[in-house]
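To keep things clear, I will list the structure first and then write my remarks on it.
The values are calculated or read from the model by the stated rules, or taken from the named source; none is laboratory data. Keep in mind that this is a model prediction, so the values were computed, not measured. When we count neighbours, we look across all protein chains shown, and the Cβ atoms used for this are built from the backbone with ideal geometry, even at glycine.
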Amino acid sequence: MRLFKQLLLFLFVMLVLGLASIAIRAWINKEKAALTICPPDTKTLILGDSHARTALNPEFIRASFSSAQKAEELEYSYYKLKQALNTTNSLENIILTVSYFNFSSPVDNEAEMMKRYHRIIDESLYQDKAAYKEYSAAIRFRHLIDHKLPDYLPFGLLNSIIETWAEPMFVGGYELRSGSTIGQRRALDGAIQRHYYHGNSLRPISPLRTAYFNKIVKLCQQKKVRLWVINTPLHLDYRAELPPQTVSHYQKIMTQGEQELILPNGQEPQEKDQADFIYLDYSYLYLPDAYFFDYDHLNSEGASFFSQIIDRLVNRN
């Protein structure tokens, strides 16, 4: 009899935990679906990594909002874009910064990426990472925590409580940087090594990143918003160190669907249904050293100047 009562108590506790987990997870899913990446009246959403975060100041781009985040990779920009388009009806333009290294393999920060973005991604990203053989230990751990263990009690309840308290670290925004470090060779060597090399080996091209860039293009087409793909200004010394193989892949991707748009004579761009996206290659734009924070990021003066160029194109009407 005693054993029977203990069994009933155990089953009752498991039932309560299960119902609590279901209720909390349902509430989280509702909150997650309503999570906004940008204000409801935004017409131009700025996405990308630290290049967007430092080069594009929404103060100088009308009706814009920056959700750029440092080290953000293309697969995470895709999920952020997806969330924004599902929750904001006013978007007309998406500005996405894509530099040469954005198609390379991970830059050794997968654990931080998963901690930052796991609230807005779904299980298909984990499946894609496994299919493209980019399924690192950090990815496996987050997949286990978010999508495997919650199926078993009491892990589901614990996961739900953690999710409830989690901060949306992925949102990002414009980052004002002052001064300039141009002239410090160590800073240049560090950036080139970090972006393009793993030890002495060139980082391989990532099929996953290429695939998610194409997903971004298709999503913008489906939602009928104009996609502006921008390669932000790079210092002459940085450009001199670019690996030819990486540049070649980048240019191939851009020429497959791009509409080149450097219009010094005030020419009008084509209608948006005539190209998959508008590609603005400003990596070769000459800017004085005083406009660079370092060899691949602009400071506040550079961002002010460059953002006004982009504003005149995006908001030309």
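Let's see how each residue does on (1) of a type outside the set (Phe, Trp, Tyr); (2) without any contact (Cβ under 8 Å) to a residue 12 or more places away in the chain; (3) surrounded by fewer than 22 Cβ atoms within 10 Å (Cβ to Cβ); (4) closer than 15 Å to residue 195 by Cα:
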| site | (1), (2), (3), (4) |
| --- | --- |
| 207 | yes, no, yes, no |
| 210 | yes, no, yes, no |
| 213 | no, no, no, no |
| 218 | yes, yes, yes, no |
| 221 | yes, no, yes, no |
| 224 | yes, yes, yes, no |
| 227 | yes, no, no, no |
| 239 | yes, no, yes, yes |
| 243 | yes, no, yes, yes |
The range 91-130, subset of a type outside the set (A, V, I, L, M) and in contact with a Lys or Arg (Cβ under 6 Å, 6 or more places away or on another chain), residue farthest from residue 73 (Cα to Cα): 92
Residue ID - nearest to residue 104 (Cα to Cα), chosen from residues in the range 155-190 that are surrounded by 17 or more Cβ atoms within 10 Å (Cβ to Cβ) and at pLDDT below 70: 163
